[in-house]
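The values are calculated or read from the model by the stated rules, or taken from the named source; none is laboratory data. Fair warning: this is a prediction, and the values are worked out from it, not measured in the lab. Note that each Cβ is placed from the backbone with ideal geometry, even for glycine, and that neighbours are counted across all protein chains shown.
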Amino acid sequence: MAHSLAFLGSGRLGSAIIRGLLAQKIYAPAAIACTSKSGATAAKLAADTGIVSEPDLARLLGPADIVVVAFKPQSLASADPRLAELTAGKLVISLLAGKRLARLAQVFPRARNVVRTMPNTPAAIGAGITAYCSAAPLAEADRSAVERMLGALGEFLALEEKHFDAVTAVGGSGPGFVFEFIGALRDGGVAAGLPADIAQRLAVQTALGSMKLLAHTGATPEALRDQVVSPNGTTYAGLQVLAHAKFRDLIRDTILAASKRADELSRD
Ligand SMILES: NC(=O)c1ccc[n+]([C@@H]2O[C@H](COP(=O)([O-])OP(=O)(O)OC[C@H]3O[C@@H](n4cnc5c(N)ncnc54)[C@H](OP(=O)(O)O)[C@@H]3O)[C@@H](O)[C@H]2O)c1
């Protein structure tokens, strides 16, 4: 059986998608083929999963109906010019951070449609959230193929491209800000006298438990925060410090800076 899904790039994100698709039995191993620059990551992934490693671009793309672009964004400028013809009539799904649909259309001008996605790093364990948009309205079968694929990474949402810089800031960079906060929570525990390993464990499990509670209850963060606060208690004392330091303004400026940078980086 010839493959129907081709991956250009077999690194962290590409392999996370492939492993998810196989685990959920959405595709059989023989239906997926991949390549990588040196061939080494593709060969290893193929050996691990049973998918096909195909270094020849024409043989990789020829039988495929869907092509997933999973190399680094900076590789787009030097991408093989044969991609324009070899993706004619196919659905192209790009994972490339910051590459707009207009830019992708220059590289894949004859694709039947081009989809831009913005995943985030928790996708590696199926706990991500990915936004997607398309150059033209998606045919129903193509939408379902895109959503089955993104479902292997966690949650997904269809969103107009004009929102992608903000999505990049909140969803893409967001894990970096969350980890920074958890590191600060740990360091605060150390400043209050805890051994570093205990502070780390408390900070991580407290964050994890709080996130689960948030997702489980569907309540707003503010409502759950208020359940922790008692008048003039310990949480109140800490929140007063955050309010005086204008914590919310700081995080808003953090997101705006990341969004502005996403706009700058996607202007090529
Ligand atoms: N990791 C994430 O959570 C995440 C989140 C959001 C967006 N993304 C996007 O996902 C894409 C992949 O990221 P990653 O973290 O998976 O990168 P990665 O682990 O570095 O993998 C990149 C893969 O692309 C291959 N490659 C490089 N140039 C190529 C070319 N010209 N043709 C075919 N394959 C080529 C590499 O091959 P070699 O190993 O041989 O060099 C490697 O298999 C990026 O565009 C990134 O913006 C990733």
Single residue of 16, 33, 43 found to be more than 19 Å from residue 151 (Cα to Cα) and not in a strand (DSSP E or B):
43
Restricting attention to region 22-52, the residues that are without any contact (Cβ under 8 Å) to a residue 24 or more places away in the chain and of a type in the set (S, T, N, Q) number exactly 1
Log entry, pairs with first residue in region 248-268 being within 14 Å of residue 73 (Cα to Cα), second being among the small types (Gly, Ala, Ser), beta carbons closer than 7 Å, six or more apart or on different chains, reads 262/98; 262/169; 265/98; 266/98
What is the number of the single condition among (1) away from the ligand (no atom under 11 Å from the Cβ); (2) surrounded by 16 or more Cβ atoms within 10 Å (Cβ to Cβ); (3) under 26 Å from residue 132 (Cβ atoms) that residue 41 does not meet?
(1)
Would you check which residues across region 46-70 are more than 18 Å from residue 148 (Cα to Cα) and in contact with a Gly (Cβ under 8 Å, 6 or more places away or on another chain) and list them?
53, 55
Single match in 188, 183, 218, 174 (criterion: more than 28 Å from residue 25 (Cβ to Cβ), at pLDDT 95 or above and surrounded by 15 or more Cβ atoms within 10 Å (Cβ to Cβ))
174
So, residue 63, is that one in the same structural domain as residue 152 (by TED's automatic domain parsing), free of Cβ contacts under 8 Å to residues at least 24 places away in the same chain, surrounded by fewer than 22 Cβ atoms within 10 Å (Cβ to Cβ) and away from the ligand (no atom under 11 Å from the Cβ) or not?
no
Could you figure out which of (1) assigned to a helix (DSSP H, G or I); (2) over 30 Å from residue 99 (Cβ atoms) isn't true of residue 193?
(1)
Across region 114-165, what is the total count of residues that are within 15 Å of the ligand (Cβ to nearest atom) and either of a type in the set (Lys, Arg) or assigned to a helix (DSSP H, G or I) (or both)?
10
Out of curiosity, is residue 103 in a helix (DSSP H, G or I) and either more than 16 Å from the ligand (Cβ to nearest atom) or in contact with a helix residue (DSSP H, G or I) (Cβ under 6 Å, 6 or more places away or on another chain) (or both)?
no
